[in-house]
Amino acid sequence: PFGATSLPYTATAFYYYSASLTAKAAKALGYGEDQQEYQGLCETIKAAFLEEYFQADGTLKIPVTQTACVLSLFFGLYPEGKRDVVLEALKERIRARGNHLDTGFCGTPFLCRALSDNGANDLAYALFLNDDYPSWLYEVNMGATTVWERWNSILPDGSISGTGMNSLNHYAYGSIVEWMYRNMCGINPTEEAPGFKRVRLAPEPDSRLGRAKATVNSPAGLYESGWQYEEDGSLTYTFAIPFDGEGALVLPNADLEQLTINGVPAKAADVAAQQDGTAVKAVLPAGRYVVRQAQ
């Protein structure tokens, strides 16, 4: 009844994650002593976790699974400077499955987010766009209007699989939608400005999808983030920032010289646009914006 990833490994990783969230909550509420206590607990758990499960070179001591790598990457549980070792191990496990996922309830919610957040956005989209088993679109092609408990709840011949605990309306794998909001469309609240007073807008488009748009009706108002590839290969972004809100914009693989914002060259727009490596950053106050990125 259990998955392939070591149970103590998984439990300890989530113990760390729970403690870290509690430390953040204590900080937000102004409980300094509690924050220090739980931050200290995080450090203790992480040290024990790394000693028990990782070699110094960043390789795992336990059998490597996609979920093991995903939890390590998403929670930041790897030896210092060895993130790329874990990322490559995850890519290798995905390739071994023919570029398909092999995760369950613990790994799937963080799978595509861990890939996109660590420079493998193309692979996250590949998993998202797969339409054969196991994948999200396999369910769509089988006529699903809800998300199933198992990747193969319904077999290709239309019959119900013989596995037990087989709900046809189950949340867990629907967690891909969080990746769609946070990474595909890039709407992320910031901890420093509660209530969506400030969001990090960091969309990560992919031409295989063509276009996407998401809206969030937050406590601060309606945020919108969308993108579309044009016929000439250029890219158009649309953003809406509510009254008293602010968007910290990050556009990947962009050239400041090739961008316009509401028809004005980005470097001349009053949004503090600047080149930061291969990305362009800007600060968007309340309003609506059309950002065009030339081919």
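Please compute the contact order of the stretch 1-155 in relative form: average sequence separation of alpha-carbon pairs under 8 Å and at least six residues apart, divided by the residue count, as a percent. Display every interim value, and only then the final one.
Working: 169 pairs, mean separation 25.9, N = 155.
This gives 17 percent for the stretch 1-155.
Quick check for me: using +1 on Lys/Arg Cβ and -1 on Asp/Glu Cβ, what's the dipole size of the stretch 205-277 about its Cα centre, in debye to the nearest 20?
Using Cβ point charges on Lys, Arg, Asp and Glu, the stretch 205-277 gives about 200 debye.
Among 85, 114, 145, whose Cα projects farthest towards the positive end of the dipole of the stretch 77-158, with charges put on the beta-carbon of Lys, Arg (+1) and Asp, Glu (-1)?
So the residue furthest toward the plus end is 85.
Keeping all protein chains in position, work out how much accessible area residue 170 exposes to a 1.4 Å probe, and write it in Å² to the nearest 10.
About 60 Å², rounded to the nearest 10.
Quick query: amide H of residue 230 versus all other amide H atoms, modeled in the peptide plane; which residues come in under 5 Å with a sequence gap of 5 or more or a different chain?
235, 236
Taking the chain on its own, what percent of its Cα-Cα pair distances exceed 25 Å?
Values: 24690 of 43365 pairs.
Distances greater than 25 Å cover 57 percent of the Cα pairs.
For the chain, what is the calculated [θ] at 222 nm in deg cm²/dmol (nearest 500), taking -39500 (n - 2.57) for each run of four or more DSSP H residues and dividing by its residue count?
Calculated from helices alone, the mean residue ellipticity at 222 nm is -10500 deg cm²/dmol.
Based on the inverse mean of 1/r over its pairs of different Cα atoms, what is the Kirkwood hydrodynamic radius of the stretch 1-141, in Å?
Result for the stretch 1-141, one decimal place: 16.0 Å.
If you build a Gaussian network model of the chain, linking Cα atoms that sit under 10 Å apart, which residue out of 212, 89, 11 swings the most?
It is 11.
Return the whole-Å distance between the Cα centroid of the stretch 12-88 and the Cα centroid of the stretch 111-168.
Cα centroid to Cα centroid, the span is 28 Å.
In degrees from 0 to 90, rounded to the nearest 10, what is the angle of the helix 108-117 Cα long axis to the longest principal axis of the chain?
The two axes meet at around 50 degrees.
Give me the dipole magnitude in Debye, nearest 20, for the stretch 67-157 about the Cα centre, with unit charges on the beta carbon: positive for Lys and Arg, negative for Asp and Glu.
That gives a dipole near 220 debye.
In degrees between 0 and 90, to the nearest 10, how far off the longest principal axis of the chain does helix 7-29 point, with axes built from Cα atoms?
It works out to around 40 degrees.
Evaluate the distance, in nm, between pseudo-label points positioned 7 Å from the Cα of residue 140 and of residue 236 along their respective Cα→Cβ axes.
In this crude spin-label approximation the distance works out to 2.3 nm.
Restrict the search to the stretch 49-100; then list the GluC sites (Glu not before Pro) that DSSP places in a loop and that have at most 16 other Cβ atoms within 10 Å of their Cβ.
Working: sites: 51, 52, 80, 88, 92; in loops: 80.
Sites meeting the loop and neighbour criteria: 80.
Using alpha carbons only, what's the Rg to Rh ratio of the stretch 63-193 with Rh from Kirkwood?
Numbers: Rg = 15.4 Å, Rh = 15.6 Å.
The Rg/Rh ratio comes out at 0.99.
Could you state the accessible area per residue of the stretch 115-265 in Å², with a 1.4 Å probe and every protein chain left in place?
Per residue, the stretch 115-265 has an accessible area of 49 Å².
Quick one: which residues, 5+ away or cross-chain, put their amide H under 5 Å from the amide H of residue 187? H built at 1.01 Å from N.
182, 202
Leaving ligands, DNA and RNA out of it, report the carbon-plus-sulfur percent of the accessible area of the chain at a 1.4 Å probe.
The nonpolar share, carbon plus sulfur, comes to 52 percent.
Which residue fluctuates most in the GNM of the chain (Cα springs below 10 Å): 69, 42, 185?
Top of the fluctuation ranking is 42.
Using only C-alpha positions, report the orientation-averaged shadow area of the convex hull of the stretch 182-295, nm², one decimal.
6.5 nm²
Through the Karplus equation 6.51 cos²θ - 1.76 cosθ + 1.60, θ set to phi - 60°, convert the phi angles of the stretch 89-98 into ³J(HN,Hα) values in whole Hz; use x for Gly and Pro.
Computed from phi, the couplings for the stretch 89-98 are 5, 5, 4, 5, 5, 5, 4, 5, 9, x Hz.
On the first, second and third principal axes, largest extent first, how far apart are the outermost C-alpha atoms of the stretch 50-121 in Å?
Computed over the Cα atoms, the extents are 29, 23, 21 Å.
Which peptide among 223-231, 127-135 comes first, and what is the full order, when sorted by highest mean count of other Cβ atoms within 10 Å?
Listed from highest to lowest mean packing, they are 223-231, 127-135.
The values are calculated or read from the model by the stated rules, or taken from the named source; none is laboratory data. All values derive from a computational prediction rather than experimental measurement. Cβ coordinates were reconstructed from backbone atoms using ideal geometry, including for glycine residues, and neighbour counts include every protein chain displayed. The area values use the complete protein model at the heavy-atom level, side chains included, leaving out ligands, DNA and RNA. Shrake-Rupley method; radii C 1.70, N 1.55, O 1.52, S 1.80 Å.
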